[in-house]
Amino acid sequence: MGESRQELVAWLNSLLQLNMTKVEQCGTGAALCQVFDSIFLDVPMSRVKFNVNTEYAYIQNFKVLQNTFHKHQVEKPIPVEALVKCKMQDNLEFLQWAKRFWDQYYPGGDYDAVGRRKGAPVTGGGPAPRAGAGSGAARRGTTPTTGPRVAARAGGGAASAALQQENNTLKETVVGLERERDFYFSKLRDIELLVQQAVEEDPELEKQEDGLVKQIQAILYSTEEGFEIPAEGEALDDQETF
């Protein structure tokens, strides 16, 4: 049996120094991003928007969370389309899972939630175990007490930490752009296949110079200088999931 709504909201407010009143507010994705930042300490919080009220903005937050899951091999599907509706049951179930994950992998120590929301570099703590870690992972109800984390490699000082934060943000941006590129390329490929199928069924369509098929093909195959069309059948590395 998972925690109640009231217990989960109290936990979020304590961990993240927020003033949430109901689990439905997790549908913005912002609080969930920061829960996982408290574990992994490398979520680009500068890209997470808290004071937003549109589904489009919520989806952008969940893209940040999806990239974090991909980076740390967290094999948990995020039901984005359901969560952004801000309905109680969907958000309660996902938050209960997030709390169980946090109980297992939170690295311990103090987490500066307010500082992280302002984009401050991590000053304590280090990479938490990946979701697939073995018996060495922190278990629920225990707090690791051995081994300094980021402090052990803080010789570069504040400048080094700031550069590391910027580097992490750039990496996350690249991952997001690549996933969006592949997503839209696959859509265009589907359209191309539909056009080819239509022409095979009715070759006369391709002979109509001002017809819809010709117009679609002109858009699909138009290029800019320096652009190369990928080889037919080239596999995509991965797809955007929403």
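Values in this text are rule-based calculations from the coordinates and carry no lab data. All of these numbers come straight from a predicted model, not from anything done at the bench. As a convention, Cβ positions derive from the backbone with ideal geometry for all residues, glycine included, and neighbour counts pool all protein chains shown.
The residues listed here are 38, 14; of these, the one that is of a type in the set (Ser, Thr, Tyr), out of contact with any Ser or Thr (no Cβ under 8 Å at 6 or more places or on another chain), surrounded by 21 or more Cβ atoms within 10 Å (Cβ to Cβ) and under 18 Å from residue 111 (Cα atoms) is 38. Listed by first and then second residue, the pairs with beta-carbon distance under 8 Å, at least 6 apart or on different chains, first residue in the stretch 64-93 and on the phi > 0 side of the Ramachandran plot, second assigned to a loop (DSSP other than H, G, I, E, B), are 73/130; 73/131; 73/132. The residue that is nearest to residue 184 (Cα to Cα), among those in the stretch 196-220 that are among the small types (Gly, Ala, Ser) and assigned to a helix (DSSP H, G or I), is 218. Within the stretch 1-22, residues that are farther than 14 Å from residue 103 by Cα reach no partner that is of a type in the set (Ser, Thr, Tyr) with beta carbons closer than 6 Å at six or more positions or on different chains. Looking across the stretch 54-79, the residues that are touching a Ser or Thr at 6+ places or on another chain (Cβ under 8 Å) and either in a loop (DSSP other than H, G, I, E, B) or crowded, with 20+ Cβ neighbours inside 10 Å (or both) come down to 58, 61, 66, 74, 77, 78.
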